[in-house]
Structure formats: C-alpha cells, structure tokens
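What follows is one structure encoded as structure tokens, with my remarks underneath.
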C-alpha cells in the first residue's frame, strides 16, 4: 500500500519513495510472523497436545506420527506416482479395444434375445443409443483409470509409512499395476489373475509365507522318520497342494448350485402334483418372466426345507 501511495499526487521523488516507503513496516511485519510461527511450533502446539492427552479417554490410544518416516514415504510417492500413472494408463489403453468389442457384443446379444435393456419395448431406443455411445463410455473408463492411478501412487507412500520400509512401498508400486490388471480381467471376463508380478507389500504376509514354508520343510524332514516306526499309515497326514485346494473351493459353489436347482425341480414337481403350482403359473413365468410362485416362493421353500432338515439333524452345517 505504501508503494501505491508513493506514486500518488503531491509526492516528490517518487522513485525513491517507491523503494523506501513501506520497507521498514514490511520487515517488521515479517519478523512478527516468524516470531508468531516459532512461538506456535515450540510452545502453543505442545501445550495444546498435552491438553488433548489429558482429556483422552481410557479406551482411546494416541496416534503417533513418526516424522522420520515421512521423507522415505514422500520419496516413494514421488517415484510411484509417475510409474503407476504410466503403467496403469498403458494397461487401460491396451484393454480398451477389448472393452469396446465385448461391450458391443453383449449389447447386440441382448438386442437379438430381447434381454437386459432391450426387454421392454419402450427402452429399445435408449438401448440403441447406448450402443452408439458405448465408445464414449470406453473413453470415460480410460480417463477414470488415469485419475485413479494417482491414488495408487499416493497409497504406495502410505504403505511405506505404515510398514516403515522403503522396499514395501516400492513393492506396492509394482503390485498396484498387477491389481489393476487383475481387476480389468475380471471386469471384462478374461482369464483370471494377471501375468504381471505381484510382490507382497505387507510384512505380516511375508512372515506368514515364511512360516508356511518352514512348516512344509518340517513335514518333509519328519516324514521319513515317521515311516520307520511302522505307524506311518495312521500318522501321515494328507498334504493337499495349492491347486487341489483351489479346485475344491471352486467345486463347492458348483455343488451348491447343482443342489439348489435339483431341489427346485423336485419340490416344484411335488407342488405341481398337489395343485399349488398350476400350468398357468408356469406359462406366465416362461413367456413374460413374471410369477412370484416360481421366482420367489419356490426357491424360498427349498431353502426353508434345507434349514429345517439341518436343524432336525442337529448338524453343524447345511445338509444339501
């Protein structure tokens, strides 16, 4: 303000006044600001934190911020953001043609079979517009993946701070690309998993993995000794491989669905013979896709029968 006043009317030697006026007050104000900030950092802040600790409840625990971890976290975030942005954007651009073609294929199949958005006649124009504008949706997905990649990079810095390890942050930076690739594969119904490396970025996971390997080594070393005693047939436990366990986990949902469909078929025949389900109900459900008896009541009746049968037998699980 003093500089603007110095160039006003009635002021002689305006050039000197432009530099001289207001200099002393500016320096004094800057010193006051520095003094206030210093007082806050070294006095007010600590007294304020002491008051908060005194008011803290018994169930609450203070959250310590370790300043020594912040430089490495900032460095990891500084490195991870450009790397993740570049790699995730490249994966999104690589998968965008597949997303475009699969989206058009699905919409065209729904159009031919009158399913999905083409089920009602009123929605056909809007569904046709969706086919035309589907490339814009693909472009929007690529743009969204570009902006989400920044969050992956910043989270790498957070992982480095939480684990107190620079290597864990870099491991998450690499794993983030594999996580995104696996998510896009699931979204586009491609093959499961990802071909990209996915290192572990949590110390607990690494310790559990090492513990499992040690147990396997212990079982391998103790197995020959158990065979020498003659009771190895009873002592030896079946070690299931990882692929076998994955096969079992995939097989269980298939068995449950198979039981569910068979139960609906058997109970449906029983209810049809008793007259609780009529031919009109079946025709309405097949032609119009409506009918609470077949879509809601029959599955609910099958599940209820399963629960009652399991409760009567006092089993720990469901009897299918």
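In the condition set (1) in contact with a helix residue (DSSP H, G or I) (Cβ under 7 Å, 6 or more places away or on another chain); (2) under 30 Å from residue 114 (Cβ atoms); (3) modelled with pLDDT under 80, residue 289 is compliant with all but (1).
Only one of 27, 65 is at pLDDT below 90 and within 29 Å of residue 157 (Cα to Cα). Can you tell me which? Walk me through how you get there before you give the answer.
Numbers: 27 fails: within 29 Å of residue 157 (Cα to Cα).
Of the residues listed, the single one that is at pLDDT below 90 and within 29 Å of residue 157 (Cα to Cα) is 65.
Listed by first and then second residue, the pairs with beta-carbon distance under 7 Å, at least 6 apart or on different chains, first residue in the stretch 284-301 and surrounded by 10 or more Cβ atoms within 10 Å (Cβ to Cβ), second not in a helix (DSSP H, G or I), are 284/290; 284/291; 285/291; 293/277.
Selection of first residues in the stretch 256-275 that are in the same structural domain as residue 305 (by TED's automatic domain parsing) and at pLDDT 80 or above and of second residues that are outside any helix (DSSP H, G or I) and surrounded by 12 or more Cβ atoms within 10 Å (Cβ to Cβ), restricted to Cβ pairs under 7 Å at least 6 apart or on distinct chains, gives the following pairs, ordered by first then second residue: 268/277; 271/277. Which residues, counting only those in the stretch 187-231, are surrounded by 13 or more Cβ atoms within 10 Å (Cβ to Cβ), at pLDDT 80 or above and not in a loop (DSSP other than H, G, I, E, B)? 203, 206 - these are the residues of the stretch 187-231 that are surrounded by 13 or more Cβ atoms within 10 Å (Cβ to Cβ), at pLDDT 80 or above and not in a loop (DSSP other than H, G, I, E, B).
Taking (1) surrounded by 11 or more Cβ atoms within 10 Å (Cβ to Cβ); (2) modelled with pLDDT under 90 in turn, residue 100 satisfies each apart from (2). Picking from residues in the stretch 143-161 that are without any contact (Cβ under 8 Å) to a residue 60 or more places away in the chain and surrounded by fewer than 16 Cβ atoms within 10 Å (Cβ to Cβ), the one that is nearest to residue 187 (Cα to Cα) is 144.
Only one entry in 93, 67, 75 is surrounded by fewer than 10 Cβ atoms within 10 Å (Cβ to Cβ) and within 30 Å of residue 171 (Cα to Cα), namely 67.
Matching residues to (1) without any contact (Cβ under 8 Å) to a residue 12 or more places away in the chain; (2) within 29 Å of residue 79 (Cβ to Cβ):
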| position | (1), (2) |
| --- | --- |
| 130 | no, no |
| 186 | yes, yes |
| 198 | no, yes |
| 204 | yes, yes |
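The values are calculated or read from the model by the stated rules, or taken from the named source; none is laboratory data. Computed from a prediction, not measured in an experiment: that's the story for all the values here. Ideal geometry is used to build each Cβ from the backbone, glycine not excepted, and the neighbour counts take in all protein chains shown.
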